[in-house]
Amino acid sequence: MKAAARTPARTLFEKVWGAHLVREESSDTPAILYVDLHLVHEVTSPQAFSVLRERGLPVRRLDRTLATMDHSTPTLPRGADGRWPFADREAEAQVAQLERNCAEFGVELHGLGTPAQGVVHVFGPEMGATQPGMTVVCGDSHTATHGAFGALAFGIGTSEVGHVLATQCLLQRRPRTLAVRVDGALPPGVGAKDLVLAIIAKLGVGGGTGHVIEYLGAAVRALSMEGRMTLCNMSIEAGARAGMIAPDDTTFQWLAGRPRVPRGDAWEAAVARWRALATDEGARHDREIALDATTLAPMITFGTNPGQAIPVTARVPDPSEERDPAARASLEGALRYMGLVPGQPIAGRVVDAVFVGSCTNGRLEDLREAARILRGRRVAVRTLVVPGSQLVKRQAEAEGLDRIFREAGAEWREPGCSMCIAMNGDRLERGQTCVSTSNRNFEGRQGAGGRTLLAGPATAAAAAVAGAVADPRRYAEATP
Amino acid sequence: MTPIRIIESRTVVLPRENIDTDQIIPARFLKVTDKAGLGKAAFADWRYGPDGGPVADFALNRPEAAGCAVLVAGDNFGCGSSREHAPWALVDAGFRAVISTRIADIFRNNALKNGLVPVVVDPASHAALLAAPGAPVRIDLEARTVTLPGGAAVEFPIDAFSRYCLLNGVDELGFLLSQEAAIAAHEGRTR
């Protein structure tokens, strides 16, 4: 054996990127990056399957392709006639098209009513399909979620969905890396969603463009897998296509025994391999920012992009204090759309609806967090609780969370994207305001003319009870 | 794909920062299974009022916007989702290029695959373009330049491979399919 030349210190990203290069990039051509796992859903795949059909191409690696449905699917149960209550014919046709495409090409599909179906980024990890060190793609920008496992995971467009179906590869320029270091411990009542909203507020919605984020530091290490998924999920809201966290015992414990992970000796070997993925001492990221977890509070957005977030105890910023004219105009526009006045405390802002769910906050831990506040209380406004998957739904029901939600007056629904993207009929009416645990507060995101305030599950539950934005820490104690 | 070399057009200006893909095409228009005809949904919630009628003072609805192929937008255009429906809608609405100071990663990738040229310019050039809606511009993909209202040409960055594909009307899938041997070799190494 040759004496091992000392390999240069590498980041988590560099290790995963390097292991998947079919061809290195050059000045003339991008890298050819191999994809280990391709997740497919109904909205961004139909035109890609059409390209395969037109060119007479098969799906190259059926064993690396996994489909479910979530965006256009109803969250109300089947009717007495056995039919699903689709919002409209288009939604039903889109779901039927995915069924036909998967049947024709042989893709494993977890469809409506089957035991593993769910929001694609909740479902993939639950299946154990997402594993450390993998490259994971999906025609969905929140594919960043899977980076919580130490995978390089990012969203792609439909043309690229076709490329991966046909060749299992993508043409990619190597992104830069951005370390986001969060030292200290999060205070009680402050969670992963609050942390990521604080990070996006610091970076800005475009601040991560061209970068893959690696989250580091004690506060990140202390997060559960659910919290890590929430954190990585919203990397794209800072413009970064991917966010990654090095796998550790928390990761391995969460994955052990999942349907698609290795068993026995193969599991031990995989864990040993995965442990070596962490960023080496002395490895450098292209950029680095740091936050102090101990100073953070529950966060909520006031504007129309996820970077416009403030502590729930703070006041809405005043555009006149913004020096940059474009930023001032953007802030003024956001406040006008949201119907907010500069300087008003965000707490007390009356809301019409609350949504708990999505690929950001639709997992069991999120539902538990909302249930802790709703237990023994009544909601003052329409409250939708939508589990991220059939598995989350079963687990929540086994713990009796569904009863807590129903007794509080909330609606307990079937899994899906639901009011995060409002494609399935779950939506706001024009002018309504919603505190939502989802990921985007863009104008009309939850229905044309609707207004979205993004927050974590506890803040959403507190708003449901108060009928207005409220500090969830005031509801932390259970009711007598 | 049709080869693209020169784009000459007057501009339509949307000065807002952070125009996200939900504004470019709201999600309710994504329930399609093909890509045809999405132009009518481009900027739907800005173009049409609650009653469905056109908003008269919205830039794309003004008579002078007819036939314009170049959109000039505020910083960080195309942030948000991976929906390729966004460039499909813009191309179907007649656009061939978008100019901003920053263009979101996924949107840029999607645009390049659909003959929509993403042009990133410096803040001063951008300011000049924002200040002159309707100005004629000339984008030369071969030279990688955009000619500003005052007549000065500034360079813009574009990946060499993407530029080659646009200039020659080549699609990336064909290139990837030609790499089968290398892909199979990689699979052999990492099995």
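Name the shape class, rounded, prolate or oblate, that the alpha-carbon gyration tensor gives for segment B:6-190, where a ≥ b ≥ c are the square roots of its eigenvalues, rounded holds for a/c under 1.5, and otherwise prolate holds if a/b is larger than b/c and oblate otherwise. Don't skip to the end; give the middle numbers.
Details: a/c = 2.18, a/b = 1.32, b/c = 1.65.
Oblate shape, in that a/c is at least 1.5 and b/c is the bigger or equal ratio.
For segment B:80-145, with every protein chain kept in place, what is the accessible area per residue (1.4 Å probe, Å²)? Don't jump to the answer; show the numbers that get you there.
On the way: 1900 Å² over 66 residues.
Roughly 29 Å² per residue, with all protein chains present.
Between chains A and B, what is the buried accessible area summed over both chains (1.4 Å probe, protein heavy atoms, nearest 100 Å²)?
4700 Å²
Please report, in debye to the nearest 20, how large the charge dipole of the protein assembly as shown is about its Cα centre when each Lys and Arg carries +1 at its beta carbon and each Asp and Glu carries -1 there.
Rounded to the nearest 20 debye, it is 460 debye.
What is the calculated FRET efficiency for A:E322 to B:V55, with r their C-beta to C-beta distance and R₀ = 35 Å, to the nearest 0.05?
Numbers: r = 26 Å, r/R0 = 0.75.
The computed FRET efficiency comes out at 0.85.
In whole Hz and in residue order, list the ³J(HN,Hα) couplings for segment A:364-380 that follow from phi through the Karplus curve 6.51 cos²θ - 1.76 cosθ + 1.60, θ = phi - 60°; x for Gly and Pro.
3, 4, 5, 5, 4, 4, 5, 5, 4, 7, 7, 4, x, 10, 10, 7, 9
Go through segment A:172-209 and flag every residue whose accessible area shrinks by 20 Å² or more with all protein chains in place compared to the isolated chain (probe 1.4 Å).
When all protein chains are present, A:R173, A:V205, A:G206, A:T209 each give up 20 Å² or more of accessible surface.
In Å², and per residue, what accessible area does chain A have when probed at 1.4 Å with the other protein chains present?
With the other protein chains kept in place, chain A gives 35 Å² per residue.
Taking the Cα centre of segment B:49-184 as origin, work out the dipole magnitude from +1 charges on Lys and Arg Cβ and -1 charges on Asp and Glu Cβ, in debye rounded to 20.
Numbers: 9 positive and 15 negative charges, 28 e Å.
Dipole size: approximately 140 debye.
Collect residues whose amide H, placed 1.01 Å from N in the peptide plane, falls under 5 Å from the amide H of A:R23; neighbours closer than 5 in sequence don't count.
The answer is A:I32.
Any idea which of B:A44, B:T11, B:G174 is furthest toward the positive side of the dipole for segment B:6-190, if Lys and Arg beta-carbons carry +1 and Asp and Glu beta-carbons -1?
Positive-end residue among those listed: B:A44.
On a 1.4 Å probe surface of the protein chains, which of A:M229, B:M1 comes out largest in accessible area, and what is the full order?
Descending accessible area places them as B:M1, A:M229.
What is chain A's relative contact order, in percent, from Cα pairs under 8 angstrom and six or more apart in sequence?
In percent, rounded to a whole number, it is 17.
Taking the Cα centroid of segment A:438-480 and of segment A:332-352, what is the distance between the two, rounded to the nearest whole Å?
One Cα centre to the other: 14 Å.
Assuming R0 = 51 Å, what is the FRET efficiency of B:R5 and A:A290, from their Cβ-Cβ distance, to the nearest 0.05?
0.65
Name the residue from A:V164, A:V190, A:G207 whose Cα lies farthest towards the positive end of the charge dipole of segment A:126-221, charges +1 on Cβ of Lys and Arg and -1 on Cβ of Asp and Glu.
It is A:G207, whose Cα lies furthest towards the positive end.
For the protein assembly as shown, what does the alpha-carbon gyration tensor say about shape, rounded, prolate or oblate, given a ≥ b ≥ c as the root eigenvalues, a/c under 1.5 as rounded, and a/b over b/c as prolate?
rounded
Which value in nm describes the separation of the simple spin-label points at A:R174 and A:R315, placed 7 Å from the Cα toward the beta carbon?
Between A:R174 and A:R315, the simple spin-label model gives 4.9 nm.
Just in segment A:342-442: which GluC sites (Glu not before Pro) are loop by DSSP and have at most 16 other Cβ atoms within 10 Å?
A:E399, A:E429
How much of A:F86 can a 1.4 Å solvent probe reach, expressed as accessible area in Å² and rounded to 10?
Per-residue accessible area (A:F86): approximately 40 Å².
Identify the trypsin sites (Lys or Arg not before Pro) of segment A:49-156 meeting these criteria: DSSP loop state and at most 11 other C-beta atoms within 10 Å of the C-beta.
A:R83
In the protein assembly as shown, if the dipole is taken from +1 on Lys/Arg beta carbons and -1 on Asp/Glu beta carbons about the Cα centre, which of A:P46, B:H126, B:G74 is farthest to the positive end?
A:P46
Once you sort the root eigenvalues of the Cα gyration tensor of segment A:370-480 as a ≥ b ≥ c, which label holds: rounded (a/c under 1.5), prolate (a/b larger than b/c) or oblate (the other case)? If you can, show how the numbers build up before the last one.
Values: a/c = 2.05, a/b = 1.25, b/c = 1.64.
Taking the square roots of the gyration eigenvalues as a ≥ b ≥ c, segment A:370-480 is oblate.
Among the trypsin sites (Lys or Arg not before Pro) in segment A:307-344, which ones are in a DSSP loop with at most 14 other Cβ atoms within 10 Å of the Cβ? Mind listing them?
Hits after loop and neighbour filter: A:R323.
Explain nothing, just the number: dipole magnitude of segment A:246-360 about its Cα centre with +1 on each Lys and Arg Cβ and -1 on each Asp and Glu Cβ, in debye rounded to the nearest 20. Show your work: numbers first, answer last.
Values: 12 positive and 15 negative charges, 80 e Å.
My answer is approximately 380 debye.
Determine the order of A:S45, A:S26 by accessible area, beginning with the largest, at a probe radius of 1.4 Å. Each step should come with its number before you reach the end.
Numbers: A:S45 5, A:S26 50 Å².
The ordering from most to least exposed comes out as A:S26, A:S45.
The values are calculated or read from the model by the stated rules, or taken from the named source; none is laboratory data. Not measured: the values here are computed from a predicted model. We place every Cβ from the backbone using ideal geometry, glycine too, and count neighbours over all the protein chains shown. With ligands, DNA and RNA removed, areas are computed over all heavy atoms of the protein, side chains included. Shrake-Rupley method; radii C 1.70, N 1.55, O 1.52, S 1.80 Å.
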